[in-house]
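A short worksheet on the structure shown next.
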Amino acid sequence: MAFARSLAAEFEKVFTTRMWWLLALILVAYVATMAGGFGAFLGWATENPDAAASTGGTGLPPGIDLAPLLYSFASSVGYVFPVLIGALAVTSEFRHRTLTTTFLAEPHRSTVLSGKFWTGLVVGALFGVIGFATSVGAGAAALAAFGFDTGLDSSDTWALIGRGILAMAFWGAIGVGLGSLVPNQVAAIVIVIAFTQFVEPVLRLVSSLNEVTANVGRFLPGAASDALVGASFYNVASLGSTDSLEWWQGGLVLLGIAVVATVIGGATTWRRDVS
């Protein structure tokens with residue numbers, strides 16, 4: 001029952017603060033802008049190819065199914081939010097010096113970290129539901145406005161959404177692992193934003209230029225996430241090879257990163273003396 005109490009305590013810590021819903025609101029605004037805006041632009045560009053060409057824009061790329069591309073914005077750009085909430089769940093304990101109280105209530109540190117890991121999974125999945133509800137709503141509205149198929153009557157679309165929510169759950173757990181490795185809150189936030197918004201996108205773009213590096217690039221966490229989901233605008237933006245892992249392989253890579261990071265953090269930083 002110790003684990004159940006620890007898990008309940010971790011959920012309470014997350015949902016009694018403003019951070020989770022503030023991040024959720026930013027996620028909604030970000031994903032709605034990307035999915036709705038990109039869908040509207042491509043719809044306009046397809047209907048007005050001459051005007052689009054004069055502004056340097058292009059229509060729908062040949063052979064690209066637009067609906068999954070738009071819906072996947074929830075995970076392909078929104079995954080930073082579950083990572084942040086997962087990392088903050090750990091680093092906030094260090095920053096606000098509440099970890100001593102936490103360990104007094106539950107002396108088994110592995111139980112506390114396990115509770116945070118599972119909380120990260122659940123809260124990440126919640127962010128996935130919020131993100132995909134937003135991307136599907138905004139994306140489908142843009143598609144319908146320009147007469148494109150929304151794909152909402154296809155089981156493949158709903159399978160993509162389900163896998164996307166799973167990917168977001170894994171990202172939440174990865175955030176917990178990162179927080180256990182880097183307990184300094186400012187450093188953890190900087191690492192998350194720098195890696196997700198700059199370092200990895202550049203690495204994925206560069207790795208796609210060569211077949212050998214592309215095989216390595218498939219195992220980057222963002223690439224694995226996109227493989228699990230099954231669609232991503234990164235595949236359209238790639239300059240070279242766009243081969244990806246199978247969806248289940250991408251899921252295993254993400255889960256592996258989450259577990260390994262959390263185990264290493266639990267064996268190092270988590271065992272240090274706290275004050």
Reduced Cα scattering model of the chain, Debye log10 I(q)/I(0), q = 0.08, 0.12, 0.15 Å⁻¹ = -0.35, -0.74, -1.06
Can you work out D for region 119-171 in µm² s⁻¹ from Stokes-Einstein, where Rh is the Kirkwood radius over C-alpha pairs, the temperature is 20 °C and the viscosity is 1.002 mPa s?
-> 185
Give the shape of region 146-201 as rounded, prolate or oblate, defined through the alpha-carbon gyration tensor: a ≥ b ≥ c are the square roots of its eigenvalues, a/c under 1.5 means rounded, and otherwise the shape is prolate if a/b is larger than b/c and oblate if not.
-> prolate
Could you sort 182-190, 158-166 so that the peptide with the highest average Cβ count within 10 Å comes first and the rest follow in order?
-> 158-166, 182-190
Please work out the average accessible area per residue across region 175-275, using the 1.4 Å probe convention, and give it in Å².
-> 51
Mind ranking 135-145, 75-85, 115-125 by how tightly packed they are, going by the mean number of other C-beta atoms within 10 angstrom, highest first?
-> 75-85, 115-125, 135-145
For the chain, calculated [θ]222 nm from helices alone, where every DSSP H run of n ≥ 4 adds -39500 (n - 2.57) | -24000 deg cm²/dmol
From the backbone phi of region 167-175, what are the Karplus-calculated ³J(HN,Hα) couplings (6.51 cos²θ - 1.76 cosθ + 1.60, θ = phi - 60°) in whole Hz, Gly and Pro given as x?
-> 4, 5, 4, 4, 5, x, 5, 4, x
Two-decimal Rg to Rh for region 72-207 - Kirkwood Rh, Cα set | 1.09
Rounded to the nearest whole number, the per residue volume of the convex hull around the C-alpha atoms of region 1-142 in Å³ is 122
Dipole magnitude of the chain about its Cα centre (Cβ charges: Lys, Arg +1; Asp, Glu -1), debye to nearest 20 | 1220
How large, in percent, is the carbon and sulfur part of the accessible surface of region 134-275 at a probe radius of 1.4 Å?
-> 66
note: region 173-275, Cα-Cα separations exceeding 19 Å make up a percent value of 49
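The values are calculated or read from the model by the stated rules, or taken from the named source; none is laboratory data. Predicted model only: the values in this text are computed from it and were never measured. With ideal geometry, Cβ positions are generated from the backbone for all residues, glycine too; neighbour counts draw on all protein chains shown. With ligands, DNA and RNA removed, areas are computed over all heavy atoms of the protein, side chains included. Shrake-Rupley method; radii C 1.70, N 1.55, O 1.52, S 1.80 Å.
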